[in-house]
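One structure below.
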Amino acid sequence: MLCAIFVLFGCGADETPVPVVQQMPNYFPDAVGSRWVYRNPDGSEWSRSITNENSIHEEGFHGFVYTPPVTKTEFDYLKPDVFRVTDNQVLFGIGEKIDGYVQNVLPTWVADEFAGLDLDITIEPITHPEFVFSYLPLIVNFQWDAFKTRVNGRIVLQHLVLLQFPFEVQVRVKGEVVAVGSLETPAGSFEETYQIVYKTEITQTLFSEAETTEQGQTVWFAPHVGIVKIEDESGVTELIAYTFPETIEK
């Protein structure tokens, strides 16, 4: 009887067993080492991982590493360089993407308007607002201003100071949680998935004439997992695999 009691209560054991369990990610996962793999509409794949190395070096920021790397001219709000999570917001740092748009795409648009002419294009410095991916917790029918910025510039024709023309580009993105429900993806089935719609409006003004283009993206977000599906004019991108780091619980 005594032997049985000793065995039952672990008498004689040198160490207490330490179970290894999978870490429960945050509502918006931000653990270093987390990794997601996606498949594009054309069948190609890409992944991103969270690293503690980033170009901002401020407390609370985490960096994303993409494979293959994101090109400088690819202006996608959903592929930020860095991000941070507060008590009530998920914020994407897209400053480098704005710089790429201003330095590469914007001058091309201006030059197309003056084909064949010698131009000097100057662009005023701009701030780098963060893209508000969402407010927490997610609530159906909630709307917010996800991003807004304005770029001002000036064109000088043929190097003649008297031939100067201003131009302006405004970018505004609005977000809305439109639904919640279950969703099946190659990475698995998710019972609670929030559908978020982002509507982007870009207004380019030259010679007092404004031209506005609109585009949209729909995102499906699963709490504690992340973005599991994206749909835009190019088609559907789906999550096909994801991994989170493990921890030892003592």
* **Apportionment of accessible area to carbon and sulfur, segment 91-149, percent (1.4 Å)** => 52 percent
* To do: Can you send over the carbon and sulfur percentage of the accessible area for segment 176-250, probe radius 1.4 Å, protein chains only?
  => 44 percent
* Starting from the Cα of TRP46, step 7 Å along the direction of its Cβ; do the same at GLN164; then give the gap between the two resulting points in nm. => 3.9 nm
* Please state, to two decimals, what the Cα-based radius of gyration of segment 67-115 comes to when divided by 2.2 N^0.38 Å (N = residues). => 1.47
* According to a simple spin-label model (label point 7 Å from Cα along Cα-to-Cβ), what is the distance in nm between VAL105 and LEU117? -> 2.4 nm
* Would you grab the residues whose amide H sits under 5 Å from the one on PHE142? Only those 5+ places off in sequence or on another chain, please, with H modelled 1.01 Å from N. => VAL177
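Viscosity 1.567 mPa s, temperature 4 °C: give me the Stokes-Einstein translational D for segment 52-142 in µm²/s, with Rh taken as the Kirkwood radius over C-alpha pairs. Display every interim value, and only then the final one.
Working: Rh = 15.4 Å.
Here the translational diffusion coefficient equals 84 µm²/s.
Report the far tail of the P(r) of segment 159-250, meaning the percent of Cα-Cα pairs longer than 15 Å. All intermediate terms of the calculation are to be shown ahead of the outcome.
Details: 2953 of 4186 pairs.
Distances greater than 15 Å cover 71 percent of the Cα pairs.
The values are calculated or read from the model by the stated rules, or taken from the named source; none is laboratory data. Note that this is a predicted model, so its numbers are computed, not measured. Methodologically, a virtual Cβ is constructed for each residue, glycine included, from the backbone with ideal geometry; neighbour enumeration extends over all protein chains shown. The area values use the complete protein model at the heavy-atom level, side chains included, leaving out ligands, DNA and RNA. Shrake-Rupley method; radii C 1.70, N 1.55, O 1.52, S 1.80 Å.
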